[in-house]
Amino acid sequence: STPLASATTLGNAAAVAKVNQLKAQPRSQGEASFFFYDAHFKNAAVKILPGEYFVDQEDLLVMTTLGSCIAACLWDRVAKVGGMNHFMLPEGNGDSGRYGSFA
């Protein structure tokens with residue numbers, strides 16, 4: 001069975017529904033789109049890849065893997081919104097999210 005199917009049988013239907021809702025929403029260029037159910041934390045999750053960002057108000061795991069890249073995480077306690085970006089280089093040509101000056 002798939003992780004989403006297993007999650008449903010474990011009573012985590014809300015997290016599975018959140019993953020499906022996030023996958024169905026249109027995304028802007030550079031916005032993270034790798035959503036999945038994290039079985040360890042029993043919650044919906046998004047993985048931020050290099051050059052991507054994600055912002056949301058929901059109870060959601062936001063993760064990335066860093067090597068020599070940089071990730072910036074922000075949380076606004078008043079608005080209850082948070083996010084992360086993942087950039088690779090401090091500056092460069094173009095307006096890609098891979099460059100910190102545009103991230």
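All of the numbers you see were taken from the coordinates with simple rules; none came from a lab. What you are looking at is a predicted structure, and each value in this text was computed from that prediction instead of being measured. Cβ coordinates were reconstructed from backbone atoms using ideal geometry, including for glycine residues, and neighbour counts include every protein chain displayed.
In debye to the nearest 20, how big a dipole does the range 3-87 give about its Cα centre with +1 on each Lys and Arg Cβ and -1 on each Asp and Glu Cβ?
120
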Residue-count net charge about Q57 - beta-carbon cut-off 14 Å; Lys, Arg +1, Asp, Glu -1: -1
Highest average packing first - 38-45, 21-28, Cβ atoms within 10 Å: 38-45, 21-28
Sorted by packing (mean other beta-carbon atoms within 10 Å per residue), highest first, where do 77-84, 59-66 land? 59-66, 77-84
In the range 20-70, the GluC sites (Glu not before Pro) that fall in loop regions by DSSP, at most 15 other Cβ within 10 Å: E58
